[in-house]
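The structure under discussion appears below in the form of structure tokens.
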Amino acid sequence: MGSLQGQNVVVIGGSRGVGRSIVQAALGEGATVLAVARGAAALKELSWETSAVKTLAVDATRETAPDAVFAALEPDVLVICAGALAPSAYLQEQSWEVFSANWETDVKAAFLFCKAALNDPLKPGSRVVLISSGAAFSGGPPFAGGYAGAKRMQMFLAGHCQKESDRLGLGLRFMALAPARIMPGTGIGDAGLDGFAAYLGIRPADVLASMTDMQTPADVGRAVVALAIGKSRVGSFAVSGSGLAPAV
């Protein structure tokens, strides 16, 4: 029997990349899984490949999105993985609209769903995992706009929500998980890799050659399952090629 047998898992941003790997990991552990994404075409492709998954096309940054998602499947585990591509331009050439893209998408979606989890609220024992980034620790590169700050804010948000859950006696667990390295083969990873290479004036392959201890999307999926079934109260974690560890 899988470790998530009888559990409902909702993955916001579950149609591709890391989100899709989280969907696959949860299905493999026996969960009922709802993949939520903005693009209906990507969701249809996912359902063709994985018939067991439920899908819902919703823009996670809309105020009404949490109500629509929770009506479709009330989660025992809610994973918020939706996000925009980071900017890739010299800082002084960015507009505020470009600079703030990850605040308006990644942070806004996390805020709306975490707020709904507290207000509705989700049933006691439910877990909420926000997918952040290793850029939250390093500060990220100067060409990536507000990406690193947005991903750090997701960590703060998980901590704030945990304190509110504890204060209100809701029995919820909020956690943030940061993949430590760029992940080629994902939209965000490929864009980040190309951005680094262009900024440094080297080939993407040379950027990859300089990196060590890299995790894969499958590693992230397994880490989410580990957080979902674990009892740790630590709020933020990182996952690398070496595995899952509390963030420091």
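Quick note: the coordinates plus some simple rules give every number you see, no bench work behind them. The model shown is predicted, which means the values in this text are computed figures rather than measured ones. Methodologically, a virtual Cβ is constructed for each residue, glycine included, from the backbone with ideal geometry; neighbour enumeration extends over all protein chains shown.
A few notes on this one:
- Matching option when the condition is in contact with a strand residue (DSSP E or B) (Cβ under 7 Å, 6 or more places away or on another chain) and within 14 Å of ASP76 (Cα to Cα), among LEU172, LEU118: LEU172
- All positions within the range 76-129 that are surrounded by fewer than 23 Cβ atoms within 10 Å (Cβ to Cβ) and of a type in the set (D, E, K, R): ASP76, GLU93, GLU97, GLU104, LYS108, LYS115, ASP120, LYS123, ARG127
- Segments classed as helices (runs of 4 or more DSSP H), wholly inside the range 157-248, with at least 3 members that are more than 20 Å from the chain's Cα centre (by Cα) and more than 25 Å from ALA117 (Cα to Cα): 187-200, 204-209
- In the range 148-167, the residues that are under 19 Å from GLU104 (Cα atoms) form Cβ pairs under 8 Å with partners that are of a type in the set (Asp, Glu), at six or more places apart or across chains, as follows: ALA150/ASP106; LYS151/ASP106; GLN154/ASP106.
- Per-region count, the range 198-233, residues closer than 19 Å to ALA178 by Cβ and exposed (fewer than 13 other Cβ atoms within 10 Å of the Cβ): 4
- For beta carbons closer than 6 Å, sequence separation of 6+ or different chains, a first residue in the range 15-38 that is more than 16 Å from LEU130 (Cα to Cα) and without any contact (Cβ under 8 Å) to a residue 12 or more places away in the chain and a second that is among the aromatic types (Phe, Trp, Tyr) and crowded, with 24+ Cβ neighbours inside 10 Å, there are no qualifying pairs.
- Condition met for ARG38 (out of contact with any Gly (no Cβ under 7 Å at 6 or more places or on another chain) and not aliphatic (A, V, I, L, M)): yes
- Residue within the range 5-15 that is outside any loop (DSSP other than H, G, I, E, B) and either of a type in the set (Gly, Ala, Ser) or over 18 Å from ARG127 (Cα atoms) (or both) present: no
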